[in-house]
1. Given the peptides 571-580, 468-477, arrange them by the average over their residues of other C-beta atoms within 10 Å, most packed first.
2. Along the charge dipole of the chain, pointing to its positive end and built from +1/-1 on Cβ of Lys, Arg, Asp and Glu, which listed residue (ILE409, ILE553, LEU48) has its Cα farthest out?
3. Run the reach check for LYS51 against aspartates and glutamates, Cα to Cα strictly under 14 Å, same-chain hits fewer than 8 apart removed. What comes back?
4. Apply the Karplus parameterisation 6.51 cos²θ - 1.76 cosθ + 1.60, with θ equal to phi minus 60°, to every residue of region 79-91 and state each ³J(HN,Hα) to the nearest whole Hz, in sequence, with x for glycine and proline.
5. Test of understanding: what is the full-extension gain from ASN81 to ASP548, defined as 0.36 nm times their sequence separation minus their Cα-Cα distance?
6. Would you please put 408-415, 17-24 in order of how densely packed they are, using the mean number of other Cβ atoms within 10 angstrom per residue and starting with the highest?
7. Report, in debye and to the nearest 20, how large the dipole of the chain comes out about its Cα centre when Lys and Arg carry +1 and Asp and Glu carry -1 on their Cβ.
8. Quick one: of LYS203/LYS465; LYS125/LYS684; LYS116/LYS684; LYS270/LYS684, which pairs are farther than 24 Å apart, Cα to Cα?
Amino acid sequence: RGDSKDYDSETESVCPFCGVGCKVSLKVKDGKVKYVEGINGPANEGRLCVKGRFGFDYIHHPHRLTKPLIRRADAPPKGLNVDPGNLDTHFREATWDEALDLAAQGFKDLRAENPKTVAGFGSAKCTNEEAYLFQKFIRQGFGHNNVDHCTRLCHASSVTALIENIGSGGVTASFNDIKDADVAIVIGANPIENHPVAATFFKQFTKRGGKLIVMDPRGVGMRRFATEMLQFRPGADVAMLNAIMHVIVEEELYDSQYIHRWTENWEAEKEHLRQFSPEAMSEICGISPEQLRRVARIFANADAGMIFWGMGVSQHIHGTDNSRCLISLALMTGNVGRPGTGLHPLRGQNNVQGASDAGLIPMFLPDYQSVTSDEVRKSFTDIWGSGDFSAEKGLTVTEIVDEAYAGNIRGMYIMGENPAMSDPDADHARAAFANLDLMVVQDIFLTETANYADIILPASALYEKNGTVTNTNRQVQRVRPAVSPPGEAREDWSVTVELAKRIGLPWTYADVSEVYDEMARTMPSLDNITWERLETQTVTYPALDETDMGQSIVFGDGFPRAGGVAKFTPASVIAPDEAPDADYPMVMTTGRQLEHWHTGSMTRRSMVLDAVEPEANCSLNPKTLRAMGVEPGEMIRLTTRRGSIDIMARADRAVAEDMVFVPFAYVEAAANILTNPALDPYGKIPEFKFAAVRVEKIEAQ
Ligand code: SF4
């Protein structure tokens, strides 16, 4: 940091990491970002966490891709075997024209044979405009919907349940609205590490007397601020939540007036909950009947309550059922649509809300308009000036990988995603990518996924981009380039446009604002939110008119479902896909750490963050380590039915004695080699949060 004299220019943008969407001011000197300050955005109010403040220098890292690359004809077989500091062994530099022509010709050849052999993964790290163009590229260019992104791996089940039961996939209130709540539940989330600035608002809420109920199989950091901490057994969410709702029904603590006016299917829910008494569920979820009853009374008796959840809820084969329970709990207590109430799945990536809104998902066009509707598709093809495309829902991330493994998907375009690290059962995903005939990867680094590419297109980091992003609060914000991309690297949107033209699409965009304007024409949620407004304002959607800053709290006057009412969907207890047994006696769960972001491609190249957390590690209870004869800092081996990794052990009392927590940012001990690809049948999200695992001490040689 320094005073106003030690930089040449300053640019306002948005932090590239989590869904909080903190606004930043980037101070630039000699063409490089020198430091970052938090500014007064509606979500962060000037605050930043360690990632936002110190995690910026990756954009100047020597590993940045600066020229298009083409795999050498005599390159070694595809595998995770490229040295990011020496790409010449596998790739040769090319001009943009050569690389784009080759990629386009490859896609055209596959399209001529069978367009369904091509699929695309876009990114929640890119802008709304880039997400919009990417889904359009696949739909208009190949006539089908095989396009998805990492929302499939984080909140797909939450969105499925929200659309099903309240008619919309976004949050019903911003996290900042906790200031008006009397009680808040935070379940399956670790905001102190994953949404740190949101966590500061949660802490302030407790300081002024708000009651915080934390529910998690790990004793996550928020427990220090909690009125009640429920450290339940992994995978027992439905049993615990149904028991709490059973008490609310039994003691008639529900809001009859609200239920009568704004919901349907209450009688079925009520009847269903009869079997879930706290006494019957206590053994399953590991929480005493007394505490379950106490929590039910605290939440139901409060005037205003909010519910926040994270991937501990969503990343299960019963992730949709978990979310259904949370929605039912809010509905039966009348906690939607008023100040201090609401449902809020804390979105992970900086633009996962926006990328999903922009249609980067296989079953929905922008604004969650169904691909199966003839009318909807026509409304898009009218604007796009092209013919119809498939009414069939496309393949999801994990289905695309399976089809690539089987040889049915043969060409992929991957923009800004790293599925070779982030997909479950990563060895299977890597084998699938090695199997492709054509893999075009557009990214800023040679990611683990780019190791398998045939053509690599060098792209831009967020601080080099112009466009918009949408945070967890539904707030649409402008990002602006503080510095130029290095070498010949280009903004992602312009690369997709060039590729589209070369496969014959009539795209004429000259500026990213034209993309926004077209996108806004297809998305009613962006009504009254013009590009011009976003030059100077952050606007929450929906906005009622061109002066409205947007509606932070929605659905006070009905839901966007038939009849304007929300729905109760009863959920039953479903066990995790694999149970611990004699061979794999413990439970492994995965997640992030404060300093590292997702697959580590950015934060492990940020000097300060990497210095704080330089090494792959996992956490176990100190008692577990003692029983194994392992000292903290020693190496252990984790083995599941998918594979094995060696990793350093840490002691952490927050982890239950039969569990191990593994961050997934480290390629040298990749957690996702171990994870279970079993899917939630509705949201099709893998069960990252539960795998049966064997933990062994590695004896010194
Ligand atoms: Fe960035 Fe999230 Fe930290 Fe804010 S809370 S600075 S958006 S990582």
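1. Peptide ranking by packing, descending: 468-477, 571-580.
2. It is LEU48.
3. GLU37, GLU193, GLU595, ASP610, GLU613
4. x, 7, 9, 9, 7, x, x, 8, 7, 4, 5, 10, 10
5. Stretched fully, the ASN81-ASP548 segment lengthens by 162.8 nm.
6. Top to bottom by mean Cβ count within 10 Å: 17-24, 408-415.
7. Using Cβ point charges on Lys, Arg, Asp and Glu, the chain gives about 1140 debye.
8. Checking Cα-Cα distances, LYS203/LYS465; LYS270/LYS684 exceed 24 Å.
The values are calculated or read from the model by the stated rules, or taken from the named source; none is laboratory data. The structure displayed is predicted, hence computed values, not measured ones. Glycine also receives a Cβ, built like all others from the backbone with ideal geometry; neighbour counts cover every protein chain displayed. Surface areas here come from the heavy atoms of the whole protein model, side chains and all, with no ligands, DNA or RNA. Shrake-Rupley method; radii C 1.70, N 1.55, O 1.52, S 1.80 Å.
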